[in-house]
1. Once you have the Cα-Cα distance between L58 and F134, take 0.36 nm times their residue separation minus that, and quote the gain in nm to one decimal.
2. Take I70 and L13, extend 7 Å from each Cα along the Cα→Cβ direction, and tell me the distance between the two endpoints in nm.
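Read-outs throughout are calculated quantities, based only on the coordinates presented, and are distinct from any laboratory measurement. Treat the numbers as computed from the prediction; the structure is a model and nothing was measured. Here the Cβ positions follow ideal geometry from the backbone for every residue, glycine too, while neighbour counts run over all protein chains shown.
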Amino acid sequence: MIGVQMVLLKVALDNRPSPGIRNGIEHAPFSHAEHNQGFQRPYDFWQWKNAKPYWMFLAYFIAALSFIHIFLTPIARSETYINLLGYIGLAVEAILPVPQILANQRSRSCKGFRLSVLAAWIIGDTMKMCYFFFSQDIIPWAFRLCGMFQCVCDFYLGAQYWMFTRGSSRVAGSSREGSESWREEKGIRMTEL
């Protein structure tokens, strides 16, 4: 799984969009557009312009965890450390939709956010919640709480998608209607244009 994730990271870095606006969509993660909106990640974490910092971060991260697991065995085997790693992993997975929610809210648009991704998130997390609550297995509450948070985020993304795409079509329709009524007011027919 880790190997596949590394391959996916390489593919994403090799094929990421160039900075700026293309097809009406701003590619903010790599163009540092967020800096202009009053938000900046410390050390531009995971928004670096070239690939080397991504690989260096992963190398340092792997080295630190390897050091703990090889040389600090009592710590690595302690229940507190194992639980801490589990909680951090669950929290990272649970907050994955949050940057998308914030970006949509800031731009008051879901432009560039695919409906298929939203549907996959909602369906996947709903199935996960069914397993967490209806399984005969004992599922710790940490999993259930993080899953519930993620489901709430997914459904909020769905609400954003509905509000912002519905609002944009209404605005487009009203401007068209407004221009048609203006033409009628001025006595201009469509055939004359």
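1. That works out to 23.7 nm of additional length.
2. 2.2
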